[in-house]
Each structure stands twice: as C-alpha cells, then as structure tokens.
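Asker: A single structure is presented below for examination.
The values are calculated or read from the model by the stated rules, or taken from the named source; none is laboratory data. All figures in this text were calculated on a predicted structure; none of them were measured in a lab. The accessibility values were calculated without ligands, DNA or RNA, using every heavy atom of the protein model including side chains. Shrake-Rupley method; radii C 1.70, N 1.55, O 1.52, S 1.80 Å.
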Amino acid sequence: MRAARLIRMVLLLQSRPSMTAAELARELEVSERTVTRDAQALSEAGVPVYADRGRAGGYRLIGGYRTRLTGLARGEAEALFLSGVPGALREMGLEDAASAARLKVSAALLPSVRDASRAAAQRFHLDAPSWFKEPKTPELLPEVADAVWDDRRITARYWRGEDEVVRELEPYGLVLKAGVWYLCARVAGRDAYRVYRIDRFTAVDTGEERFTRDDGFDLPGFWEERAEQFARSILRAEVVVRLSRDGVRALPYSVGSRSAREALEAAGDPDGDGWVTVTLPVESEEVAHSQLAALGPEAEVLAPESLRARFVADAMRLAALYGT
C-alpha cells in the first residue's frame, strides 16, 4: 500500500511544478504528517524531492527528474477511456484505476500540455442520470462489471415479473441509460443477446470459466437497435389529436421527440384556424391522458371517444374549481 502511494506521489510531483503538503495529503488521502514522512522516504531512496519552506512553499522534484513508471497497465488503460464518466467509474469500482492512469499520462506529457486534462474537465462534463431522479447504484454492479472486463461467465438470479429465475450468462457489456444500469448478455449455449436491468439482480456468482467473446458484437449498435425496438413495442395504441401552433411546439416535450416528429411529419396541412391534426402512437390511453394533459388548451383529443370523455370530465372539474 505504501509503495503504491509513494509511486503516486512521485507521479503527482512530476506532473506539476510543485504541490503543498495539504494538496498532496488531499490527493493521496493521508495526513500532512504522512506526506512529510513519505517525502523523506523518497529522498532517502534517491528521488530528489525538495521541500520549499514558508507560506508559499511546497514539494517539488529538482534536477529535471523523470520517473519511468509511466507504463499503463491494461486495466488502467481501459479505465482511462471511461474517464469522461466519473460517476459510472465510481459505481463500477474503477475510479482508482482511472486516477492512476490519468496520473501516468500526465507525467509522460510535456509540461506545456500537462494541464490538458484539467482544462477539458473544466469545460466538458457528462451527467448521465435524468432530471428529478435520485440514481441508485445497484449493489451487484461492481461484481458484474468485473465479469464483463474479464469475460467470465456468471450465474445470475434475478426478478422477471413476480418470478425469481436463474440464468447462466455471458456478460458482454454494460450500458448506463438515464441513471439505470443494464447488462447486455448472451444466455450460455444460445446465440441471442438479451438485456437485463442490474437492479433486478438478487445474486451473482462469478465462476472461473471464461467465454469466447464474439469479436463481431457491437455494443453501441446492439443497444441502439434494441432501444428502438423497445420504444416501438410499447406504443400499442393510437390517439387523434388536434394541436394549436403552441401545441405543436410543446408536443415533443410531453410525448417524446421521436413520436412527435413522426406524427407531425405524417400530418396534413393546418386548418383554417392554424391547428394541425395528428395521429399519435401511445403506450396506452392512461399514459396518453397524463401526457396530453400537459398541453392544456393547446390540444383537443378527437379520438378515441373514451379518451375525449376523460378530458371533457377534466374540463368540467376545472371549471367547477375555478368558476365559469
């Protein structure tokens, strides 16, 4: 543990002109007294760590010292490609590997470009979870992630509806969608790939047996295709809606951009009042009621009659509340 910390301290000092004891303590997650002892140990080992005294002082390497401990391990290199998604790295248990990889890359760069990662982090950030939802990390995610990295088969117990089932899976890849983690996997002995929500797993047993990965498997392409199939599969009903100009603009925010775009592209010309009639695919009448209610008086449901009756009842209740 201490040896790894000493190496990390050298890499930190190599990537920056100087660092205070407080900065080093924060980066290494130790006390300032431990930083002082570690600096002394490095100096005794021949690493030219110099301590500047005073309020503006700190630790620095002198004499153009360069360590050769900058080679990336495989795990560090793989984690580095995910460094733009810090929350995902943390949830999968890869934060330390990514941090070590970034340090090694910074230490190997010329001084003029060492702050590139910091500059990028100040300008770009990926916030994967959707608004108004508190993301929860599945307890078994790190174990599943390890199996994905190592191409190891797992025996997973998970909830499918109200039944708990067991499957032997070949875990191909993980996807984080709107704060929810999914596993793309192939059932052992079968060709088809399937998608599983990690938060529905109740137990995961990782064996020693590795599976032979299909090099032709394209995780982004598979996910895009499966997501589109899912989005279309849940749209089992249709409603006919008349929209004002403001209703047309607001439609994508209430029912989703894809459904709104396809419905508007297939619609005819506006009527004499400037309203457009669209046929909209929806998940169910209940879902359509909640979605279209957000449009208020900018939308008039024409069919089915049962849904129109719901909005008539809503209008009567609103009139009773606010007065005629």
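Asker: Provide the per-residue ³J(HN,Hα) series for segment 244-249, in order, calculated from phi with Karplus coefficients 6.51, -1.76, 1.60 and θ = phi - 60°, each as a whole number of Hz, with x at glycine and proline positions.
Answerer: Calculated HN-Hα couplings, in order: 6, 4, 5, x, 4, 5 Hz.
Asker: Would you rank Phe311, Phe230 by solvent-accessible area, highest first, keeping every protein chain in place and using a 1.4 Å probe?
Answerer: Highest to lowest solvent-accessible surface, that is Phe230, Phe311.
Asker: Okay, moving on. Give a residue-ordered list of calculated ³J(HN,Hα) values for segment 258-273 (Karplus: 6.51 cos²θ - 1.76 cosθ + 1.60, θ = phi - 60°; whole Hz; x for Gly, Pro).
Answerer: Karplus values, whole Hz, x for Gly and Pro: 5, 4, 5, 4, 5, 5, 6, 5, 8, 6, x, 6, x, 7, x, 8.
Asker: How much accessible area does Thr212 have with a 1.4 Å probe, in Å² rounded to the nearest 10?
Answerer: Rounded to the nearest 10, that gives 120 Å².
Asker: Still on this structure: Applying the Karplus parametrisation 6.51 cos²θ - 1.76 cosθ + 1.60 with θ = phi - 60° to the phi angles of segment 148-154, what ³J(HN,Hα) value in whole Hz is obtained for each residue in order, glycine and proline being reported as x?
Answerer: Karplus-based 3J(HN,Hα) across segment 148-154 equals 5, 4, 8, 6, 9, 5, 10 Hz.
Asker: Leaving out ligands, DNA and RNA, and with a 1.4 Å probe, what % of the accessible surface on segment 251-321 is carbon or sulfur? Before the final figure, lay out each step's value.
Answerer: Values: 2310 of 4190 Å².
The nonpolar share, carbon plus sulfur, comes to 55 percent.
Asker: For segment 1-40, I need the span (max minus min coordinate) of the C-alpha atoms along each principal axis, in Å, sorted largest to smallest.
Answerer: Computed over segment 1-40, the largest-to-smallest principal extents equal 23, 18, 18 Å.
Asker: Suppose all protein chains stay in the model; what accessible area per residue would a 1.4 Å probe give for segment 168-234, in Å²?
Answerer: Heavy-atom SASA per residue in segment 168-234 reads 58 Å².
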